[in-house]
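Taking it in order: structure first as structure tokens, then the write-up.
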Amino acid sequence: MSKEPVAVVGIGQTKHVAARRDVSMAGLVREAARRALDDAELSWTDVDAVVIGKAPDFFEGVMMPELYLADALGAVGKPILRVHTAGSVGGSTALVAANLVAARVHGTVLTLAFEKQSESNAMWGLSLPIPFQQPLLAGAGGFFAPHVRAYMRRSGAPDTVGSLVAYKDRRNALKNPYAHLHEHDITLAKVQASPMLWDPVRYSETCPSSDGACAMVLTDRAGAARAPRPPAWVLGGAMRSEPTLFAGKDAVSPQAGKDCAADVYRQAGITDPRRDIDAVEMYVPFSWYEPMWLENLGFAAEGEGWKLTEAGVTELDGDLPVNMSGGVLSTNPIGASGMIRFAEAALQVRGQAGEHQLERARRVLGHAYGGGSQFFSMWLVGDRPPMS
Amino acid sequence: MTREEPPGRRDVAVVAFAQTDVARTTDELSEVEMLMPVLHSVLERTGLKTADIDFTCSGSSDYLAGRAFSFTLALDGVGAWPPISESHVEMDGAWALYEAWTKLLTGDADTALVYSYGKSSPGSLRDVLTRQLDPYYVAPLWPDSVALAALQAQALIDAGDTDEPALAAIGARSRRTATLNSHAQLRGSVPQGDYAVRPLRTGDCPPVGDGAAAVVLAAGERARELCSRPAWIRGVDHRVEAHSLGVRDLTDSPSTRLAAQRAGAFDRPVDTAELHAPFSSQEVVLRKALRLDDSVRVNLSGGALAANPVMAAGLIRIGEAAARIHRGDSDRALAHATSGPCLQQNLVAVLEGEPR
């Protein structure tokens, strides 16, 4: 049996900001969904099903918000699924939606992910006191900083690499009108002078807290043929999970991430990712995760990822650009962040990325991870339909 | 529009089901400890190990756990090493099963483990469920789940669709049939009790309880290898209605009817139905939407009026229906799951055993 090829024909996102006080949650998701439909030149009635994702319900204080949001997303009378896989959820949500098309259960699916962090307090949402369980000490940065330290020790990377990533991503964000942080006066010296939060992670090497939503319209071969603008084709997609804490876990380069990438490459016929893939939108909430994921995803040998960053390979004009949009470091509505990566990858291969459009973007990887680096979701999109 | 079933769609079946006993409190157990025996049990039934499962999907709710990312700990219990292909819905496990079913249809997986769990005992469920409502206009008023169900029950009575004695009979019947279900929480003769919220008495309302459930799905020949009589999924569909109660006809369930139609429930009669109707009045609505007459055996497990572990109760309906087919007690069964206030969202699955 064969799967139906899946095409991305519509992409929409909100302008991400610290607090969207002018809209409700319903208003926020509606805005992104409407833009995705407009991009696809489709109406609400063309949508067969909705798949929605976000990170914990405690972030906004609404339990199972798909129930309340069903009306705003035009889902009344339709199926709506709610995915939640921690920080990787934006990616997983898109993959669940893609599977509905691939399985030929539905022809056209609207998928959307959001976070309206200003409704609540993310630190509070992550810090409910439960006995006998390890709290996320001092937020996510406190959890991940020791793993960054381990990476530095293992790879011998100089401690300047993190600031290079942050400087690059914040400059890329200036070209992306939807990015949250637009720091027009950014300099490398400013990044390096910013306060140390969780050694070695500085304030300017840390993601912001954003309100925002991202939506995509996914469709089958027939839907793609009707699309007004070039579609992005899903060439491979996968999720992998491993336990949070156990003796065999490599927190620097988790096996689940490697396996997930290998599965995507196998589906897409990628044998040498460094050569066959043109660009990557990866989930980098703390700057050091760029070199770490470059290795985990197979773009560099173990211990060598930082050398690509340092040599400028991952710059917008490098030969493996990473986070053209400005990435999670510039925009982080947590539940939507993974989907934004997936959507930006699709924008690039469609040639619709505006000022941050690459000249050569035929195959682009979208990457997301979550939890204590134990959930991974990725897709590879291309400008041509899959071979089979 | 949704496709008609394409020729050559893969056959997928429920091949194993396991559930906990449902209890009012399980203070001595964490969610993971509650879930673990069920996972072991369902895998034992098929002889599969975690590493043999191609895809895993779960359903649960952080709000019940009182903790963000609560499902991540359950994953540790699954034993996700080497890493597994895995996903999670913040919904009843019936929707996790739906995601797994579509995954199997793509051909990317031949087997799937689906599980869900919920502990209602640590908090006040009636209060917790108010957090599902429109956060700006409705939730601040804290209208609880029993009060909202009572509105629906009163609408049914006003429409002449039922009356209080008929509702009482539904509760009594459910708990009578539950005497044969060792997992049920309320069994046998249970007093109809005082009014909880008029016109609903305590006997019309579900018990509050903790529980977990798991099923294994398999495609094609794999299903026949794992189960002597697989419960083939002939169709699954789910639909949602508007959230605001003011724009819905509470005496009807068009989403259930549409889901049933899409799942093929009306193509041929079913002999068995497992309905997720937490309130007696909701069984009245569902029977009408699903066109179930007295020839259909409804909720032989006792249904949600005998045990309603939130987030698992819907998956249990599918499991109970499948188990009946496995045992040869049913040839064609309908299973239903619901979510949201007053049956806002509904899922229908149609299961069949091969002719004997």
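Summed over the stretch B:153-172, residues that are open to solvent by 60 Å² or more (accessible area, probe 1.4 Å) and in a helix (DSSP H, G or I) total 4. Taking the options B:Val270, B:Val310, B:Val350, B:Val284, name whichever one is over 27 Å from B:Glu99 (Cβ atoms) and either touching a strand residue (DSSP E or B) at 6+ places or on another chain (Cβ under 6 Å) or not polar (S, T, N, Q) (or both). When all the criteria are applied, what remains is B:Val284. The residues of the stretch B:286-334 that are farther than 22 Å from B:Arg187 by Cβ and charged (D, E, K, R), listed by number, are B:Arg287, B:Lys288, B:Arg291, B:Asp293, B:Asp294, B:Asp331, B:Arg332. The residues in the stretch B:99-111 that are closer than 20 Å to A:Gly91 by Cβ and more than 7 Å from chain A (Cβ to nearest Cβ) can be counted, and the count is 3.
Residue-level check: of (1) more than 7 Å from every other protein chain (Cβ to nearest Cβ); (2) in contact (Cβ under 8 Å) with a residue 12 or more places away in the chain; (3) of a type outside the set (Val, Ile, Thr), B:Ser124 misses just (2).
Counting just the residues of the stretch A:41-57 that are hydrophobic (A, V, I, L, M, F, W, C) and in a loop (DSSP other than H, G, I, E, B), which one comes out surrounded by the most Cβ atoms within 10 Å (Cβ to Cβ)? So the residue we want is A:Ala55. Of the residues making up the stretch B:190-242, those that are free of Cβ contacts under 8 Å to residues at least 60 places away in the same chain and outside any loop (DSSP other than H, G, I, E, B) are B:Tyr195, B:Ala196, B:Val197, B:Arg201, B:Thr202, B:Glu221, B:Arg224, B:Glu225. Does B:Tyr136 meet the test of being assigned to a strand (DSSP E or B) and of a type in the set (Phe, Trp, Tyr)? So B:Tyr136 does not fit the description; no. Scanning the stretch B:46-56 for residues that are acidic (Asp, Glu) and open to solvent by less than 20 Å² (accessible area, probe 1.4 Å) yields a count of 0. Looking only at residues in the stretch A:83-96 that are under 16 Å from A:Leu218 (Cα atoms) and among the polar types (S, T, N, Q), the one that is nearest to the other protein chains (Cβ to nearest Cβ) is A:Ser92. Within the option set A:Thr244, A:Thr206, being surrounded by fewer than 24 Cβ atoms within 10 Å (Cβ to Cβ), of a type in the set (Val, Ile, Thr) and within 18 Å of the chain's Cα centre (by Cα) holds for one residue only, A:Thr206. Residues in the stretch B:188-197: is at least one under 21 Å from the mean Cα position of the chain (by Cα) and closer than 25 Å to B:Asp329 by Cβ? No - not one qualifying residue is present in the stretch B:188-197.
For the residues B:Ala289, B:Ala321, B:Ala307, the requirement of being modelled with pLDDT of 95 or more and not in a helix (DSSP H, G or I) singles out B:Ala307. Residues that are surrounded by 14 or more Cβ atoms within 10 Å (Cβ to Cβ) and either within 13 Å of chain B (Cβ to nearest Cβ) or of a type in the set (A, V, I, L, M) (or both) within the stretch A:19-40 comprise A:Val23, A:Ser24, A:Met25, A:Ala26, A:Gly27, A:Leu28, A:Val29, A:Ala32, A:Ala33, A:Ala36, A:Leu37, A:Ala40, listed in sequence order. Quick one: would you say B:Glu221 is more than 30 Å from B:Phe266 (Cβ to Cβ) and surrounded by fewer than 19 Cβ atoms within 10 Å (Cβ to Cβ)? Answer is no for this residue. Number of residues in the stretch B:57-115 that are at positive phi and surrounded by fewer than 23 Cβ atoms within 10 Å (Cβ to Cβ) equals 3.
Checking the conditions here, which among B:Arg187, B:Arg131, B:Arg175 is open to solvent by 10 Å² or more (accessible area, probe 1.4 Å), in a helix (DSSP H, G or I) and farther than 30 Å from B:Lys49 by Cα?
B:Arg131
Which of the residues spanning the stretch A:253-265 are of a type outside the set (Gly, Ala, Ser), open to solvent by 10 Å² or more (accessible area, probe 1.4 Å) and in contact with a helix residue (DSSP H, G or I) (Cβ under 8 Å, 6 or more places away or on another chain)? A:Lys258, A:Tyr265 - these are the residues of the stretch A:253-265 that are of a type outside the set (Gly, Ala, Ser), open to solvent by 10 Å² or more (accessible area, probe 1.4 Å) and in contact with a helix residue (DSSP H, G or I) (Cβ under 8 Å, 6 or more places away or on another chain).
Once the stretch A:152-186 is narrowed to residues that are of a type in the set (Lys, Arg) and more than 24 Å from the chain's Cα centre (by Cα), the residue that is farthest from A:Val201 (Cα to Cα) is A:Arg154. Pairing each residue of the stretch A:241-268 that is over 13 Å from B:Ala80 (Cα atoms) with any residue that is buried (at least 17 other Cβ atoms within 10 Å of the Cβ) and of a type in the set (Asp, Glu), provided the two are 6+ apart or on different chains, yields C-beta distances under 8 Å for A:Ser253/A:Glu295. For the stretch B:297-304, the condition holds for no residue, the condition being that it is small (Gly, Ala, Ser) and either assigned to a strand (DSSP E or B) or within 14 Å of chain A (Cβ to nearest Cβ) (or both). Applying the criterion of being farther than 19 Å from A:Pro291 by Cβ and among the small types (Gly, Ala, Ser) to the residues of the stretch A:139-193, the residue that is most open to solvent (accessible area, probe 1.4 Å) is A:Ala193. Take the residues in the stretch A:58-82 that are open to solvent by 10 Å² or more (accessible area, probe 1.4 Å) and more than 8 Å from chain B (Cβ to nearest Cβ), then tell me which one is farthest from A:Trp124 (Cα to Cα). Of everything passing the filter in the stretch A:58-82, A:Gly74 is farthest from A:Trp124 (Cα to Cα).
Yes or no, residue by residue, for (1) within 20 Å of A:Thr160 (Cα to Cα); (2) modelled with pLDDT of 95 or more; (3) outside any loop (DSSP other than H, G, I, E, B):
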| site | (1), (2), (3) |
| --- | --- |
| A:Glu302 | yes, yes, no |
| A:Leu308 | yes, yes, yes |
| A:Val328 | yes, yes, yes |
| A:Arg341 | no, yes, yes |
| A:Ala345 | no, yes, yes |
| A:Val349 | no, yes, yes |
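All conditions but one from (1) open to solvent by less than 10 Å² (accessible area, probe 1.4 Å); (2) more than 20 Å from A:Gly237 (Cβ to Cβ) apply to B:Leu43; the one that does not is (1). Put simply, of B:Arg239, B:Arg268 the only residue that is among the charged types (D, E, K, R) and more than 16 Å from the chain's Cα centre (by Cα) is B:Arg268.
Tell me which of these B:Gly340 doesn't satisfy, since it passes every other one: (1) open to solvent by 10 Å² or more (accessible area, probe 1.4 Å); (2) in contact with a strand residue (DSSP E or B) (Cβ under 8 Å, 6 or more places away or on another chain); (3) over 28 Å from B:Ser145 (Cα atoms). B:Gly340 satisfies all of (1) open to solvent by 10 Å² or more (accessible area, probe 1.4 Å); (2) in contact with a strand residue (DSSP E or B) (Cβ under 8 Å, 6 or more places away or on another chain); (3) over 28 Å from B:Ser145 (Cα atoms) except (3). Restricted to strands (runs of 3 or more DSSP E) entirely inside the stretch A:180-250, those with at least 3 residues that are out of contact with any Cys (no Cβ under 6 Å at 6 or more places or on another chain) and within 14 Å of chain B (Cβ to nearest Cβ) are A:232-241.
So, B:Thr56, is that one of a type in the set (Ser, Thr, Tyr) and more than 7 Å from chain A (Cβ to nearest Cβ) or not?
Numbers: of a type in the set (Ser, Thr, Tyr): yes; more than 7 Å from chain A (Cβ to nearest Cβ): yes.
For B:Thr56, the condition - of a type in the set (Ser, Thr, Tyr) and more than 7 Å from chain A (Cβ to nearest Cβ) - is met.
The values are calculated or read from the model by the stated rules, or taken from the named source; none is laboratory data. Note that the structure is a prediction, hence the values are computed from the model and not measured. Note that each Cβ is placed from the backbone with ideal geometry, even for glycine, and that neighbours are counted across all protein chains shown. For the accessible areas, the whole protein counts, side chains as well, though only heavy atoms, and no ligand, DNA or RNA atoms are used. Shrake-Rupley method; radii C 1.70, N 1.55, O 1.52, S 1.80 Å.
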